[in-house]
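This report concerns only the one structure given below.
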Amino acid sequence: MNQVTTIRVRTRDNLLELLKTSKSSWLIVAEYREPTLRFVEVYSWDGDLVLRGEWEPSQFERRDLDGRLGIAFKNAKIELVNPPLIWKAQNSVNYV
């Protein structure tokens, strides 16, 4: 049975710009995670806004240089988060 995973990302990038391009900045994501990814959540650095969408596997890119992944998504929207999501670690990527 395949596990469904949401990748949760914290960024200083402008969420509106990410929404326009339907892609995140370059992130460290293990290749073994790709088959289970179904949803994307990109949070503002302070956790008060989130861009939520569906993982778009046909549009993602992995850089040859360092293996970082550009996460692509579809059907996304930006929402307020109240209370803001507090990140417990400095790591900007986690999975739920």
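Under 8 Å for C-alpha pairs, at least 6 residues apart: give me the relative contact order for the chain, rounded to a whole percent.
Value for the chain: 36 percent.
Counting charges near SER58 (Lys, Arg +1; Asp, Glu -1) among other residues having Cβ under 13 Å from its Cβ returns a value of -2. Counting only lysines at least 8 places from LYS74 when in the same chain, those with an alpha carbon closer than 21 Å to its own are LYS20, LYS23.
Its residue count N fixes a reference of 2.2 N^0.38 Å for the chain, and the Cα radius of gyration divided by that reference is 1.01. Modelled label positions at LYS74 and TRP87, each set 7 Å beyond Cα in the direction of Cβ, lie 2.8 nm from each other.
Leaving ligands, DNA and RNA out of it, report the carbon-plus-sulfur percent of the accessible area of the chain at a 1.4 Å probe.
After summing per-atom areas, the C and S share lands at 51 percent.
Between LEU27, LEU15, LEU80, the Gaussian network model of the chain with springs among Cα atoms under 10 angstrom shows the greatest mean-square fluctuation at LEU80.
Local charge for ASN82 was computed over the other residues whose Cβ lies under 14 Å away, with Lys and Arg +1 and Asp and Glu -1, and equals -3. Counted by Cβ distance under 12 Å from LEU19, the other residues give a net charge of +2, where Lys and Arg count +1 and Asp and Glu count -1.
Hey, what's the chain come to in accessible area per residue, 1.4 Å probe, Å²?
Values: 6100 Å² over 96 residues.
So the chain comes to 64 Å² accessible per residue, rounded to a whole number.
Annotation: the antiparallel percentage among DSSP beta bridges lying fully within the chain is about 75. For the chain, the mean residue ellipticity at 222 nm estimated from helices alone is -2000 deg cm²/dmol, where every DSSP H run of n ≥ 4 contributes -39500 (n - 2.57) and the total is divided by all residues, rounded to the nearest 500. For the chain, trypsin sites (Lys or Arg not before Pro) meeting the loop criterion (DSSP other than H, G, I, E, B) and having at most 10 other Cβ atoms within 10 Å: ARG12, ARG63, LYS88. In the elastic network of the chain, a GNM with C-alpha springs shorter than 10 Å, the most mobile of VAL40, VAL81, VAL29 is VAL81. Taking θ as phi - 60° and the Karplus parameters 6.51, -1.76 and 1.60, the scalar couplings of segment 14-23 work out to 6, 5, 5, 5, 5, 4, 5, 8, 6, 9 Hz in sequence order, x denoting glycine and proline.
The values are calculated or read from the model by the stated rules, or taken from the named source; none is laboratory data. Since the structure is predicted, the reported quantities are computational estimates derived from the model, not experimental observations. Here the Cβ is made from the backbone with ideal geometry for all residues, glycine too, and neighbour counts use every protein chain on show. Accessible surface areas use protein heavy atoms only, side chains included; no ligands, DNA or RNA. Shrake-Rupley method; radii C 1.70, N 1.55, O 1.52, S 1.80 Å.
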